[in-house]
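One structure below.
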Amino acid sequence: MLTIKQFTFSPVQENTYVIYNEQGWCAIVDPGCYFSNERKVLRDFIDDHSLSPKLLLNTHCHLDHVFGNKFIHDTYGLILHIHPNEKVVLDFAPVSGQSWGLPFENYNGAITYLNEGDTIRVGQDMLEIIHTPGHSPGSICYYCRAQRFIISGDVLFRESIGRTDLPLGNSETLLKSIREKLFLLPDEVMVYSGHGPVTTIGYEKMNNPFLSQESL
Ligand SMILES: [Zn+2]
Ligand SMILES: [Zn+2]
């Protein structure tokens, strides 16, 4: 049984997730902790719950999702997991950090690549990889079929979708990813997004203005 803890970090207000089980196994998804006090909050939570971080996962590699990758790697010795199409975005992140006035030290360790259909284990539990390009070419979602939740990154938000005006973004591809992949999931699946509050697949099918029923 997995529990999800959400943090909202950095001036970009990005959602970082810690997913953990009863044995203390945990995965850290998109560590966006930028400031040292945010890194302390994350580390204190892990310490206070006696968690043992096992996986460092990114949904995609825009700067706000990767600020804390190096910190997590240095603190817990974890290797970064991303989609192969996202390596170029990871490499570019410090450049966009400079232009946003948010310089940071990028992760430069080994990378484990995840592809559509791969599964990863968090203790006894499984997360399935769904490739959902459009916001970013290597955007992936982490889907827990057994517990009916998905970590969607910046693909789908409550009543919104990810922007597609950034380099390598494509709006048609994004809408296709949502319609043909995420909207095939059961309505009750909880969606934990990269920004903003939690939602569900069913709620977004009904209420997302970018994906109205008529155009499905
Ligand atoms: Zn993004
Ligand atoms: Zn984001």
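The values are calculated or read from the model by the stated rules, or taken from the named source; none is laboratory data. Being a predicted model, the structure only gives us computed values, none of them experimental. No Cβ is skipped: glycine too gets one built from the backbone with ideal geometry, and neighbour counts run over all protein chains shown. Ligands, DNA and RNA are excluded from the accessible area calculation, which covers all protein heavy atoms including side chains. Shrake-Rupley method; radii C 1.70, N 1.55, O 1.52, S 1.80 Å.
Here are a few things to note about the model shown:
- Complete set of residues in region 116-133 that are part of a strand (DSSP E or B) and either modelled with pLDDT under 95 or within 24 Å of Gly24 (Cβ to Cβ) (or both): Thr119, Ile120, Arg121, Val122, Asp125, Met126, Leu127, Glu128, Ile129
- Qualifying residue in region 199-215 (condition: more than 13 Å from ligand 2 (Cβ to nearest atom) and part of a strand (DSSP E or B)): yes
- Entirely in region 1-92, the strands (runs of 3 or more DSSP E) that have 3 or more residues that are surrounded by fewer than 17 Cβ atoms within 10 Å (Cβ to Cβ): 3-9
- Answer from Gly123, Gly134 - the residue that is buried (at least 16 other Cβ atoms within 10 Å of the Cβ), on the phi > 0 side of the Ramachandran plot and away from ligand 2 (no atom under 16 Å from the Cβ): Gly123
- Against the conditions (1) within 26 Å of Glu204 (Cα to Cα); (2) under 13 Å from the mean Cα position of the chain (by Cα), Arg148 satisfies every one except (2).
- Restricting Val155, Val189 to residues that are within 16 Å of ligand 2 (Cβ to nearest atom), open to solvent by less than 10 Å² (accessible area, probe 1.4 Å) and modelled with pLDDT of 95 or more narrows the list to Val155.
- Pairs linking a residue in region 146-162 that is within 17 Å of Lys176 (Cα to Cα) to a residue that is open to solvent by 10 Å² or more (accessible area, probe 1.4 Å) and away from ligand 2 (no atom under 12 Å from the Cβ), with Cβ atoms under 6 Å and 6 or more positions apart or on different chains, are Glu159/Asn207; Ile161/Phe210.
- Residue check: Gly153 meets all listed conditions (1) more than 11 Å from ligand 1 (Cβ to nearest atom); (2) closer than 23 Å to Asp64 by Cα but one, namely (1).
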